[in-house]
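Below: the structure, in structure tokens.
The values are calculated or read from the model by the stated rules, or taken from the named source; none is laboratory data. All of these numbers come straight from a predicted model, not from anything done at the bench. Heads up, the Cβs are rebuilt from the backbone with ideal geometry, glycines too, and the neighbour counts pull from every protein chain shown. Quick note on the areas: whole protein, heavy atoms, side chains included, nothing else; ligands and nucleic acids left out. Shrake-Rupley method; radii C 1.70, N 1.55, O 1.52, S 1.80 Å.
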Amino acid sequence: MAGRFWGSVGTVLVAACFGFGAARTLAGENRLPDFKSAAAFINGQAGAHDAIVDAMSTTGITPVPLTPLDAYLNPGRSEYRVRLPEGEPPLLMKPPAPLPDQLRQAVRQARGRSLIVVAGEDGSLVREGDDVTAVKAEPSVTSTFDLPEGSKLITERRFQGLALVKVFEVDVPDDAPRGREPSANKIR
């Protein structure tokens, strides 16, 4: 038998270990992806008619066409959920719209406004100085989607957690050449 004293010491040590472990799970690098802060930033920064591309929704197999970002975004915004099916249930049997079509529609809506791109660690923009030339929306595919000439990065924010959430705000000019539609390209 350990006795009352050693039993109390052991209980305190075990409780301290659990407390330390709980505190470590709340550390920034161990938290869930911070979609709440990303959505709060978008809700405060984006205009009512700006296009939002959720490039973190690349699962493709889902019973609902919602993403974690949807839980926090103000309703009524134009959001393009990359690789998620849309329409009436059952959604598991419906293929998602092709990525180039989704991005082309988002860029068309963003002309003269902002294009908000929410991406994970591998999703990003292709830049040449201050100009943004393309969106790389899928981490597993080496394809990009061209943006209209003169598109510029306005803001870039990073939200830490188990998975990094990045939010880019890109100014898409309205006076971009109409003859040149954005296209999907392969990076070689």
message: Suppose we keep only residues that are in contact with a Pro (Cβ under 6 Å, 6 or more places away or on another chain) and open to solvent by 30 Å² or more (accessible area, probe 1.4 Å) within the stretch 71-86. Which one would you say is modelled with the lowest pLDDT?
response: Glu86
- prompt: Of all residues in the stretch 134-160, which are modelled with pLDDT of 85 or more, open to solvent by less than 50 Å² (accessible area, probe 1.4 Å) and in contact with a helix residue (DSSP H, G or I) (Cβ under 8 Å, 6 or more places away or on another chain)?
  reply: Leu147, Pro148, Thr155, Phe159
task: Within the stretch 108-133, track down each residue that is part of a loop (DSSP other than H, G, I, E, B) and surrounded by fewer than 20 Cβ atoms within 10 Å (Cβ to Cβ).
output: Arg111, Gly112, Arg113, Gly120, Glu121, Asp122, Gly129, Asp130
